[in-house]
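These notes concern the structure reproduced below.
Here, each number is a calculation from the coordinates, and none is a lab measurement. Small disclaimer: the values here were computed from a predicted structure and weren't measured. Glycine also receives a Cβ, built like all others from the backbone with ideal geometry; neighbour counts cover every protein chain displayed.
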Amino acid sequence: MPRKLYIETYGCQMNVADTQLIAGELSRFGYESTDSPADADVMLVNTCAIRENAEVRVWGRLAHLAECKKTRPWVTLGIVGCMAQHLREHIQAKAPYVDLVVGPDAYRRLGDILLTDRDAPFVDVRLDRKELYEGVDPRSDNGLTAFVTVERGCDKFCTFCIVPYVRGRERSVPMDEVVRSVRALAADGVREVTLLGQTVNAWRDGDHAFGDLLAAVAQVEGIERIRFTSPHPAEFTAPIVEAMAQLDRVMPALHLPLQSASDTMLERMNRGHTYAHYRDLVRRFRDAIPDIAITTDLIVGFVGESEADFEQTMAAVEEIRWDAAFMFAYSPRSGTKAHEWTDDVPEPDKNRRLETLIGRQEAISAEINAAQVGRRFEVMVEGRAKRGNGWWGRTPQFKNAVFDSPREPRLGELVTMTVTSSTAHTLIGEESPST
Ligand code: SF4
């Protein structure tokens, strides 16, 4: 009987990709994935250290999963990922029922660790500058879309961010290995890949830069759609913009984090660029790819943010008109540079600014989507819509699309949809004959 593996994932797409990688690696040891902790022989919680509330949830989930061990004491419960790395000294005191604590550079050892008899919890949180997981093929969750990590770690040291400390220094997966991995996914039926890295456009392999990687992946037979996330605004070069514009399989969607439009804040965040640079980059992308959708990340209430700084971010919301944004109020994370500074924006001000920002951005997202009514989009069918009898998928711009069809489309099929209505987050429509 194959042993069963249950993994619960928190945090960013990098963590989703690592979960797929762990599932791929452990399948070599005979583990099959399960959605039910009650069936599992191994339960792993893949954690995120970016925000404190994610950590609070993880402590609760670990305690809950530990209950399963009461009736099935042979079950292994592990914590993996960024929080394992960040809080390694505290985990055993806070969650003594945890059997494994494994950081993001040690997943290759998980199979062997699970085969070993242990009297005490196993801890491996060494950062490994060389670990790129070459030869380990990720598992696609739905058989259609997959993440491919092309770069690990980060050298940017933004002052609010824990990533460089928990994921180590930036290193790129060689081009041949990325292409091999994408070919393996295509052979398994995957039709869309998302290339991942903390600063994905900083990817390098000798003389090859990120635009060359996009071109190489676009050659892989069977892959219809290529996406990437998250790029850093300071790392875009003209060849990357050109590659995106020229390669049909690279989708017109760009998640371009800004964080704040105040240059004072950007400098304090150590972002390495100004708002003028960002605005110019957006203009270059929109000139080169007119139907591109651009989304962003914004933080309000960072250390020392004045009303005037915040108003600059609000002005950017009007000027850039992002398709969507992930918006947060700043909260300090231990281990980061900004944690040493006084978190001096009062909570009520942070909350008010966040509310104002979300209100305006949501209205703009709704306006942009409403302007799509009557347009046709190619949607890759990924499943049934949550409500009604329709189908769900994504447009090239990575917008959620829900549509009715008189027939039963195949999963992975590219269907032409005409938009009939919209919300801030979804385009709604019906299948129309392709042209
Ligand atoms: S670029 Fe900045 S925000 Fe992004 S992972 Fe690196 S340090 Fe964190």
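General remarks:
- With the charge dipole of the chain set up from +1 on Lys and Arg Cβ and -1 on Asp and Glu Cβ about the Cα centre, the Cα lying farthest toward the positive end among the listed residues Met244, Cys68, Phe326 is that of Cys68.
- The 3J(HN,Hα) values that the Karplus relation (6.51, -1.76, 1.60; θ = phi - 60°) gives for the stretch 402-411 are, in residue order, 10, 9, 8, 9, x, 10, 9, x, 6, 5 Hz. Gly and Pro appear as x.
- Base-10 log of normalised Debye intensity for the chain (one unit scatterer per alpha-carbon) at q = 0.10 Å⁻¹: -0.77
- Point-charge dipole on Cβ atoms (K/R +1, D/E -1) for the stretch 376-431, about Cα centre, debye to 20: 180 debye
- Nearest-0.05 FRET efficiency for Ala363 and Ala54, computed from C-beta distance (R0 35 Å): 0.80
- Ignoring lysines fewer than eight residues from Lys94 along the same chain, the ones with Cα atoms less than 25 angstrom from its Cα are Lys69, Lys70.
- Length-normalised contact order of the stretch 134-251 in % [C-alpha pairs under 8 Å, at least 6 apart]: 26 percent
- Label-point separation, Trp74 to Glu347 (7 Å along Cα→Cβ), nm: 4.8 nm
- 5 angstrom amide H check on Gly304, placed H, neighbours 5+ away: Asp344, Val345
- Average Cα contact separation per residue, the stretch 253-365, under 8 Å, 6 or more apart, as relative contact order %: 29 percent
- Taking all Cα pairs closer than 8 Å and separated by 6 or more residues, the relative contact order of the chain comes to 10 percent.
- Summarising the amide proton neighbourhood of Val80: residues at separation of 5 or more, or on other chains, whose placed amide H is nearer than 5 Å comprise Val45, Asn46, Thr47, Val102.
- For peptides 112-119, 288-295, sequence by mean Cβ density within 10 Å, most packed first: 288-295, 112-119
- Sorting Lys70, Lys350, Lys399 by the number of Cβ atoms found within 10 Å of their own Cβ, with the fewest placed first, yields Lys70, Lys350, Lys399.
- Nearest-20 debye value, the stretch 1-110 charge dipole, Cβ charges on Lys, Arg, Asp, Glu: 180 debye
- Exposure proxy shown here: for Leu196, Leu132, the number of other Cβ atoms within 10 Å sets the order, fewest to most, as Leu132, Leu196.
- Tensor-based shape of the stretch 376-431 (alpha-carbon gyration tensor, a/c under 1.5 rounded, otherwise prolate or oblate): rounded
- Per-residue 3J(HN,Hα) values for the stretch 279-292, derived from phi via the Karplus relation 6.51 cos²θ - 1.76 cosθ + 1.60 with θ = phi - 60°, read 4, 5, 4, 4, 4, 4, 5, 5, 5, 7, 9, x, 9, 5 Hz in sequence order (x marks Gly and Pro).
- Panel order for Arg271, Arg407, by other beta carbons found within 10 Å of each beta carbon, from fewest to most: Arg407, Arg271.
- Between Leu414 and Leu247, the modelled labels are 1.5 nm apart [label points 7 Å from Cα along Cα→Cβ].
- Label zone at Ala370, where the point sits 7 Å out along the Cα-to-Cβ direction: the stretch 409-435 residues whose backbone N lies under 16 Å: 420-428
- Amide hydrogen neighbours beyond the local backbone of Thr194, cut-off 5 Å, H modeled: Ala146, Phe147, Val148, Arg227
- Dividing the summed -39500 (n - 2.57) terms of all DSSP H runs of n ≥ 4 by the residue count of the chain sets its mean residue ellipticity at 222 nm at -10500 deg cm²/dmol.
- Under the shape rule built on the C-alpha gyration tensor, where the axes satisfy a ≥ b ≥ c, the stretch 3-124 is rounded, since a/c falls short of 1.5.
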